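Undergrad: Handing you this structure, nothing more for now.
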Amino acid sequence: MTFVRRAETISPQEKAFLRKKQVVTANALSALFERLAIPGLKYKDVLNSSVPQIAIAVSGGGYRSMLVGAGVLAAFDNRTVNSTRGSGLGGILQASTYLAGISGGSWLVSSLMMYDFASVVKLRDMDSWLLNEPLLEGVPNFEVEISGTNIMNLKSPVADSGTMDKGDTKSDTKAQSSLAGIMNKLLKEQDSDSNTDIQKSILRYYKEIMAEVRPKKHAGYKVSLTDYWGAALAKKIFPRSPQTVGRTFSGISRMESFKQGGAPLPILVSNCKNGAANSASLDSMLMEFNPYEFGSWEPYLNAFSRLSYLGTELYNGKLSSSENSTGQRICYSGFDNAGFVTGTSSSLFNSVLLYLWQIASSSEEETFMAIKDILSVFSLSGDGKPGKSDYALYEPNPFLGLSHINQTSSIVGDKTLKLVDGGEDGQNIPFFPFTQSSREVDVIFAVDSSNDSENWPNGTSLIKPSKRYNSRNKTWEFTTMKIPNKKTNRMLEYTTFPLSPSYKEMSDKGYNKKPVFFGCNITGGYTLLSNASLTANSTSSYEEEDVWLSPLIVYLSNTDLSYASNTSTFKLTYTHDEMSKMITNGYNVATQSNSSYFSQCVGCAVMKRSFDRETIKQGLLFERHQPHIPEVCSKCFKELCYN
């Protein structure tokens with residue numbers, strides 16, 4: 001059995017999934033384009049020759065991102081009432097091949113899949129998300145002004161954790177005094193008998209969490225705060241999942257909706273911190289989880305391991321010498337607990353617990369003792385240092401000793417992989433899984449609910465990856481797209497992520513408040529890496545229809561269309577009314593408040609790379625007039641494209 005493979009193409013399991021998915025995608029898109037009725041669009045010809053591959057990427061941002069993203073998915077879901085009437089966009093979700101999330105976006109992705117790809121509306125109406133209960137029992141909501149100080153930049157009580165730096169002193173003081181007041185109010189009510197009952201209830205809750213993690217610890221595996229955080233998270237975002245308590249992320253591949261190709265392939269993204277000097281986006285190490293595999297496409301690893309066998313001791317991709325009493329090599333399963341994997345992608349919340357401990361340590365005795373009782377469940381000791389790491393610990397490391405990687409690299413030299421929140425490096429939208437040529441993604445719907453300024457996005461999640469992929473000084477090289485130009489007999493090689501606007505341009509032109517298409521101009525919107533003459537072996541490339549072009553990005557930014565959806569990342573409870581309004585606002589972001597014109601533009605975006613391949617085939621790469629592009633689409637691209 002092969003446990004680890006080189007990342008030269010997608011896995012055999014993913015290829016088999018795609019064969020089923022293409023049929024579903026073609027049918028869903030056919031119904032969508034029939035309804036959109038874009039004049040001059042020969043969608044049947046396109047679908048007969050090459051079915052567009054669609055990905056949806058949902059940013060981090062706690063419940064805010066989960067709910068706004070849920071609204072976007074509801075708009076794209078043909079099961080949502082009115083989504084298939086008129087110019088509705090219902091069917092895009094069914095047509096999507098991939099669905100990725102980071103942090104709060106990962107909560108949405110995992111919860112949908114754990115409920116066997118149930119619709120957002122059904123999950124909302126059946127109270128399948130327990131958002132009216134505190135996400136972390138006993139921990140209050142943080143107000144916008146507190147989260148705005150960037151709690152992750154406050155000094156950590158863990159001196160050697162490497163995940164937080166010293167922040168602004170004035171902001172620190174303000175946040176500390178505010179949090180201390182909240183905790184005192186929550187846990188110290190004079191002559192209140194009911195408060196004691198509340199404390200006991202909260203303590204009981206955390207002891208239940210501890211009991212869920214205990215079997216992993218007793219099996220001999222290292223545990224971290226992320227194990228407890230993941231267990232707590234699962235209780236809120238998929239508490240009534242039809243799976244058993246031992247639900248795994250790899251188990252998604254056995255769900256009916258997934259086996260039949262109805263659901264997209266889910267992907268969660270995390271950052272690997274092994275040996276990382278910092279978390280700068282140019283050299284951060286990005287890892288992905290999908291139901292089949294765990295690993296990375298990029299040169300620092302370029303390998304994937306079988307997800308279902310995480311927890312098995314491997315060396316250079318093979319079973320290690322560990323044997324049982326009968327001399328047999330041992331394989332393990334169940335390590336990829338769905339809560340743990342989802343928590344790994346959103347582990348910044350570990351720091352909330354650590355920070356609350358710091359606050360409690362300087363509070364009055366009654367408050368300190370109450371919080372100590374709660375956090376002692378997580379093995380936080382009396383001197384303020386954690387008994388468990390604030391990294392998610394993946395030991396044994398499935399990539400230990402891989403021979404094709406420099407053995408001085410800590411990612412193959414350490415017994416433990418240390419993973420953190422996928423958005424910690426500022427790349428808060430999971431673009432990374434879809435810039436790989438072997439996945440052939442044509443369009444990414446990027447839902448950005450980041451907290452960049454007053455809990456609204458400002459484009460950082462676009463600007464960071466743009467710098468990563470277009471920097472000539474980056475640590476390692478990425479996949480490139482090679483575009484043959486028949487007219488000049490040249491082979492043009494470009495980066496795979498479009499150039500982004502500056503922060504000032506994002507703000508001045510309102511790109512962070514309206515839909516924008518990035519990467520429209522494949523010869524002017526990317527960094528040109530080389531421009532060489534076509535060789536005899538490459539002259540036929542332009543004759544083929546399978547020229548790979550990096551995906552067009554349809555950027556959907558969280559903005560106030562029907563509700564002020566800039567709630568704090570650390571708002572840990574939502575009423576049913578608040579949840580519904582957040583979802584409705586996300587729906588309006590996706591449809592631009594049911595604009596029939598925008599719906600047609602979305603259809604054009606889905607077909608954009610098909611148009612581009614035809615442009616290359618006809619030798620019209622640098623021509624202004626391209627008769628095969630419908631007039632409506634040309635208008636959409638002129639108005640909505642950044643480049």
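Undergrad: For the stretch 602-614, enumerate the residues that are touching a residue at least 60 places away in the same chain (Cβ under 8 Å) and within 17 Å of Pro39 (Cα to Cα).
TA: Val602, Gly603, Cys604, Ala605, Val606, Met607, Lys608, Ser610
Undergrad: Moving on to the next point. Scan the stretch 629-639 residue by residue and report those that are surrounded by 14 or more Cβ atoms within 10 Å (Cβ to Cβ) and not basic (Lys, Arg). Show your work before the answer.
TA: First pass over the stretch 629-639, keeping only residues surrounded by 14 or more Cβ atoms within 10 Å (Cβ to Cβ): 629-630, 632-637.
Ile629, Pro630, Val632, Cys633, Ser634, Cys636, Phe637, listed by residue number.
Undergrad: Is it true that some residue in the stretch 481-494 is of a type in the set (Val, Ile, Thr) and under 27 Å from the mean Cα position of the chain (by Cα)?
TA: no
Undergrad: When Leu135 is evaluated against the numbered criteria (1) assigned by TED's automatic domain parsing to the domain that holds Ser270; (2) crowded, with 24+ Cβ neighbours inside 10 Å, which criterion, by number, is the only one it fails?
TA: (1)
Undergrad: Checking Glu545 against (1) modelled with pLDDT under 90; (2) closer than 23 Å to Pro39 by Cα; (3) of a type outside the set (A, V, I, L, M, F, W, C), which test does it fail?
TA: Just one mismatch for Glu545, condition (2).
Undergrad: Scan the stretch 615-643 for residues that are without any contact (Cβ under 8 Å) to a residue 40 or more places away in the chain, under 25 Å from Met491 (Cα atoms) and not aliphatic (A, V, I, L, M) and jot them down.
TA: Thr615, Gln618, Glu623, Arg624, His625, Gln626, Pro627, His628
Undergrad: Hey, could you check the stretch 436-478 for residues that are of a type in the set (S, T, N, Q) and within 18 Å of Gly524 (Cα to Cα) and say which is surrounded by the most Cβ atoms within 10 Å (Cβ to Cβ)?
TA: The qualifying residue surrounded by the most Cβ atoms within 10 Å (Cβ to Cβ) is Ser466.
Undergrad: Taking Lys467, is it part of a helix (DSSP H, G or I) and at pLDDT 90 or above?
TA: Spelling it out, Lys467 is indeed part of a helix (DSSP H, G or I) and at pLDDT 90 or above.
Undergrad: Could you go through the stretch 103-112 and let me know if any residue there is at positive phi, crowded, with 24+ Cβ neighbours inside 10 Å, part of a loop (DSSP other than H, G, I, E, B) and modelled with pLDDT under 95.
TA: yes
Undergrad: Restricting to the stretch 603-623, what's the tally of residues that are farther than 19 Å from Pro551 by Cβ and under 27 Å from the mean Cα position of the chain (by Cα)?
TA: Of the residues in the stretch 603-623, 0 are farther than 19 Å from Pro551 by Cβ and under 27 Å from the mean Cα position of the chain (by Cα).
Undergrad: For the stretch 549-602, name all the residues that are among the aliphatic types (A, V, I, L, M), outside any helix (DSSP H, G or I), within 21 Å of the chain's Cα centre (by Cα) and at pLDDT 95 or above. Working first, answer last.
TA: To start, the set of residues in the stretch 549-602 that are among the aliphatic types (A, V, I, L, M) comprises 549, 552-554, 556, 561, 564, 572, 579, 582-583, 589-590, 602.
From what's left, outside any helix (DSSP H, G or I): 549, 552-554, 556, 561, 564, 572.
Retained after the next criterion (residues that are within 21 Å of the chain's Cα centre (by Cα)): 552-554, 556, 572.
Leu552, Ile553, Val554, Leu556 - these are the residues of the stretch 549-602 that are among the aliphatic types (A, V, I, L, M), outside any helix (DSSP H, G or I), within 21 Å of the chain's Cα centre (by Cα) and at pLDDT 95 or above.
Undergrad: For the condition at pLDDT below 90, in contact with a helix residue (DSSP H, G or I) (Cβ under 9 Å, 6 or more places away or on another chain) and closer than 26 Å to Asp283 by Cβ, what is the one hit in Lys474, Lys486?
TA: Numbers: Lys486 fails: closer than 26 Å to Asp283 by Cβ.
Of the residues listed, the single one that is at pLDDT below 90, in contact with a helix residue (DSSP H, G or I) (Cβ under 9 Å, 6 or more places away or on another chain) and closer than 26 Å to Asp283 by Cβ is Lys474.
Undergrad: For the stretch 484-500, does any single residue satisfy the condition of being of a type in the set (Ser, Thr, Tyr), exposed (fewer than 14 other Cβ atoms within 10 Å of the Cβ), in the same structural domain as Glu614 (by TED's automatic domain parsing) and in a loop (DSSP other than H, G, I, E, B)?
TA: Within the stretch 484-500 (the criterion being of a type in the set (Ser, Thr, Tyr), exposed (fewer than 14 other Cβ atoms within 10 Å of the Cβ), in the same structural domain as Glu614 (by TED's automatic domain parsing) and in a loop (DSSP other than H, G, I, E, B)), the answer is no, since none of the residues qualifies.
The values are calculated or read from the model by the stated rules, or taken from the named source; none is laboratory data. Source: prediction; values computed, not measured. Here the Cβ is made from the backbone with ideal geometry for all residues, glycine too, and neighbour counts use every protein chain on show.
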